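Peer 1: Dropping a structure here in structure tokens format, bear with me for questions.
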Amino acid sequence: MDLTVLAAGVLLILAVLSVRLSERLRMPVLLLFLGLGMAAGSEGPGGIAFDSPGLAQSVGTVCLVVILFAGGLDTAWSSVRSVVGPGLLLATGGVLVSTLILGTAAWWLLGSYTDLRLGGDGISWTEGLLIGAIVSSTDAAAIFGLFRSGSPAPRRRLRSLLELESGTNDPMAVILTVTLIGILTRGEASLGTALAGVLLGIVVGAVLGLLLGGVAAVGADALRLSIPGLYPVLCLGVALTTYGTAQAIEGNGFLAVYLCGLVLGNRVRSHRRLIIQVSDALAWIAQIAMFITMGLLVFPSELVGVAPVGIVLALILMFLARPVSVFLCLLPSGFSARESAYVSWAGLRGAVPVVLATFPATAGLAQAGEVFGVVFFLVVVSVLVQGFTLGPVGRRLGIEEPAGPPT
């Protein structure tokens, strides 16, 4: 236990120092967190033996609850009100379109070309769609980590749109992934029944999240606790309760917890600043724990075999699936082609795809290991290429606000 505590402390310190390094290099910090986990793993100098997708999934789920709740708390309704329509359309229809395009491409590529087949076998269309669903959501932490580091930020309207999309598209990706795994493992239902289940999960999760967020805000103000530090503890309890309740009644817990945080953060008055600050700190701890855990789960030697698949699918995602979904969803909202192009390129992948990539293993799918490797490689390529070029792309498109100094 002493050595475990020591290792945890050292990893936390290194993770915080890596945040500063990422600011100087202007690169997404999740890459450094993942690299830190890989270095600490069984094939790195750390030598920590870890090969438990189930435990990694559990850690990732809890961490995502904390991250989404904190994201909702810190989102000002006034800043996203004008982009609610296009933001929600991107978070639902955009995810679906991206899943269909990338999933179909994966099915065609992995079924037609021997050198690209996972494990030497082709895959079904449903399995291709599963890969598309896993990587269909974008990562807010990666994008806004770049903005906070002093990289040029887009105009406020675009930044609000990206913030709302990134906070609300994770639930749709989770719903599609779980639904497709259910079809593959248990032969569940027809496509129509599956879509009905998706809709039910969204509606139940949204209603419950909005309701519990409002109740929590009124209750926190009425309690008048004498110890301010208990307010963030209370809100964390509300977040966990919201997620668990939503999941228990067939709703989507991730959507519920984000909306709960959104309502609570905009309505609570008692120690609101303290609640947001502590929740932000917890979200950072959650990000560090999640990315390091996922890095531990990766065996670098196994990434070489899935590199061709990962690179091809990453290119299809960045240059076809994401642009088509963004332009289709933003066309009715009056966004210019330049703005749509920037939103498309800002669709970095991150935490959620890596966590969702553990789901096939816990469900017992035959090619789960290869799927995890492909998704991990795809995420790294996306963050490297789009993360390092987001600033130049913004300058080229002329949609930036002046950059602030690094913090």
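Peer 1: Out of 315, 384, which single residue is surrounded by fewer than 20 Cβ atoms within 10 Å (Cβ to Cβ), within 30 Å of residue 117 (Cβ to Cβ), modelled with pLDDT of 90 or more and out of contact with any Pro (no Cβ under 7 Å at 6 or more places or on another chain)? Give the derivation first.
Peer 2: On the way: 384 fails: modelled with pLDDT of 90 or more.
Only one candidate qualifies: 315.
Peer 1: Hey, another quick one. Taking segment 221-237 on its own, how many of its residues are over 20 Å from residue 68 (Cα atoms) and assigned to a helix (DSSP H, G or I)? Spell out the reasoning first.
Peer 2: Kept after step one, since they are over 20 Å from residue 68 (Cα atoms), are these residues of segment 221-237: 221-230.
Those still in the list that are assigned to a helix (DSSP H, G or I) too: 221-223, 230.
Number of matching residues: 4.
Peer 1: Surrounded by 17 or more Cβ atoms within 10 Å (Cβ to Cβ) and out of contact with any Pro (no Cβ under 9 Å at 6 or more places or on another chain): which single residue out of 44, 60 fits that description? If you could, list the steps in order and put the result at the bottom.
Peer 2: Working: 44 fails: out of contact with any Pro (no Cβ under 9 Å at 6 or more places or on another chain).
Just a single option satisfies the conditions, and that option is 60.
Peer 1: Okay, next question. Taking segment 47-65, which residues are in a helix (DSSP H, G or I) and among the β-branched types (Val, Ile, Thr)?
Peer 2: Within segment 47-65, the subset in a helix (DSSP H, G or I) is 53-65.
Hits for segment 47-65 are 59, 61, 62, 65.
Peer 1: I've got another one for you. Taking residue 366 as the residue in question, decide whether it is at pLDDT below 85 and either in contact with a strand residue (DSSP E or B) (Cβ under 8 Å, 6 or more places away or on another chain) or closer than 28 Å to residue 61 by Cβ (or both). Show your work before the answer.
Peer 2: On the way: at pLDDT below 85: yes; either in contact with a strand residue (DSSP E or B) (Cβ under 8 Å, 6 or more places away or on another chain) or closer than 28 Å to residue 61 by Cβ (or both): yes.
For residue 366, the condition - at pLDDT below 85 and either in contact with a strand residue (DSSP E or B) (Cβ under 8 Å, 6 or more places away or on another chain) or closer than 28 Å to residue 61 by Cβ (or both) - is met.
Peer 1: Residue 28 versus (1) at pLDDT 80 or above; (2) of a type outside the set (A, V, I, L, M, F, W, C); (3) closer than 20 Å to residue 378 by Cβ: which is the lone unmet condition?
Peer 2: Going through (1) at pLDDT 80 or above; (2) of a type outside the set (A, V, I, L, M, F, W, C); (3) closer than 20 Å to residue 378 by Cβ one by one, residue 28 breaks only (1).
Peer 1: Any idea which of (1) buried (at least 17 other Cβ atoms within 10 Å of the Cβ); (2) farther than 23 Å from residue 64 by Cβ; (3) of a type outside the set (Val, Ile, Thr) is the one residue 206 doesn't satisfy?
Peer 2: Condition not satisfied by residue 206: (2).
Peer 1: Is there any pair with a first residue in segment 22-48 that is closer than 13 Å to residue 300 by Cβ and acidic (Asp, Glu) and a second that is modelled with pLDDT of 75 or more and assigned to a helix (DSSP H, G or I) whose Cβ atoms are under 8 Å apart and which are 6 or more apart or on different chains, and what are they?
Peer 2: Every condition considered, the pairs that remain are 43/300; 43/301.
Peer 1: I'd like to know if segment 301-313 contains one or more residues that are within 30 Å of residue 47 (Cβ to Cβ), assigned to a helix (DSSP H, G or I) and among the acidic types (Asp, Glu).
Peer 2: yes
Peer 1: Let me ask something additional. Among (1) part of a helix (DSSP H, G or I); (2) loosely packed, with under 14 Cβ neighbours inside 10 Å, which single condition is residue 102 missing?
Peer 2: Going through the list (1) part of a helix (DSSP H, G or I); (2) loosely packed, with under 14 Cβ neighbours inside 10 Å, residue 102 breaks only (2).
Peer 1: Are any residues in segment 71-85 within 14 Å of the chain's Cα centre (by Cα) and modelled with pLDDT of 85 or more, and if so, which ones?
Peer 2: 72
Peer 1: Here's something else I'd like to know. Out of contact with any Gly (no Cβ under 9 Å at 6 or more places or on another chain), assigned to a loop (DSSP other than H, G, I, E, B) and of a type outside the set (D, E, K, R) - does that describe any residue in segment 73-82?
Peer 2: Our first condition is that a residue be out of contact with any Gly (no Cβ under 9 Å at 6 or more places or on another chain); within segment 73-82, this holds for 78-79, 81-82.
Now narrow it down to the ones that are assigned to a loop (DSSP other than H, G, I, E, B): none.
No, because not a single residue in segment 73-82 is out of contact with any Gly (no Cβ under 9 Å at 6 or more places or on another chain), assigned to a loop (DSSP other than H, G, I, E, B) and of a type outside the set (D, E, K, R).
Peer 1: If you go through segment 160-193, how many residues are modelled with pLDDT under 85, crowded, with 23+ Cβ neighbours inside 10 Å and either on the phi > 0 side of the Ramachandran plot or of a type in the set (D, E, K, R) (or both)?
Peer 2: Qualifying residue count for the region: 1.
Peer 1: Hey, any hits in segment 225-240 for a residue that's of a type in the set (S, T, N, Q) and over 30 Å from residue 363 (Cα atoms)?
Peer 2: We begin by selecting, within segment 225-240, every residue of a type in the set (S, T, N, Q); these are 226.
With over 30 Å from residue 363 (Cα atoms) added as a condition, the list becomes 226.
Among the residues of segment 225-240, at least one is of a type in the set (S, T, N, Q) and over 30 Å from residue 363 (Cα atoms), which makes the answer yes.
Peer 1: Please determine, by comparing only the residues of segment 319-337 that are among the polar types (S, T, N, Q) and farther than 15 Å from residue 349 by Cβ, which one is surrounded by the most Cβ atoms within 10 Å (Cβ to Cβ).
Peer 2: Filtering first and then ranking leaves 333.
Peer 1: Quick one: in segment 244-274, of everything that is buried (at least 22 other Cβ atoms within 10 Å of the Cβ) and more than 18 Å from residue 74 (Cβ to Cβ), which residue is modelled with the highest pLDDT?
Peer 2: 246
Peer 1: Given the options 68, 96, 88, name the one that is part of a helix (DSSP H, G or I), farther than 27 Å from residue 236 by Cβ and within 18 Å of the chain's Cα centre (by Cα). Quick ask: steps written out before the conclusion?
Peer 2: Numbers: 68 fails: farther than 27 Å from residue 236 by Cβ; 88 fails: farther than 27 Å from residue 236 by Cβ.
Testing whether each residue is part of a helix (DSSP H, G or I), farther than 27 Å from residue 236 by Cβ and within 18 Å of the chain's Cα centre (by Cα) leaves just 96.
Peer 1: Could you tell me which of the residues 375, 379 is under 16 Å from residue 118 (Cα atoms), crowded, with 20+ Cβ neighbours inside 10 Å and either of a type in the set (Lys, Arg) or within 14 Å of the chain's Cα centre (by Cα) (or both)? Outline the logic, then answer.
Peer 2: Values: 379 fails: under 16 Å from residue 118 (Cα atoms).
Matching residue, one of 375, 379: 375.
Peer 1: Within segment 326-344, identify whether any single residue is within 19 Å of residue 139 (Cα to Cα), touching a helix residue (DSSP H, G or I) at 6+ places or on another chain (Cβ under 9 Å), of a type in the set (Gly, Ala, Ser) and in contact (Cβ under 8 Å) with a residue 60 or more places away in the chain, and answer yes or no.
Peer 2: no
Peer 1: Could you run through segment 238-277 and say how many residues are under 23 Å from residue 225 (Cα atoms) and either assigned to a loop (DSSP other than H, G, I, E, B) or small (Gly, Ala, Ser) (or both)?
Peer 2: Step one: list which residues in segment 238-277 are under 23 Å from residue 225 (Cα atoms), which gives 238-242, 260-277.
The next check asks that each one be either assigned to a loop (DSSP other than H, G, I, E, B) or small (Gly, Ala, Ser) (or both); those that pass are 239, 261, 265, 268-271.
Qualifying residue count, segment 238-277: 7.
The values are calculated or read from the model by the stated rules, or taken from the named source; none is laboratory data. The shown structure was predicted, so the numbers you read here are calculated from the model rather than taken from an experiment. When we count neighbours, we look across all protein chains shown, and the Cβ atoms used for this are built from the backbone with ideal geometry, even at glycine.
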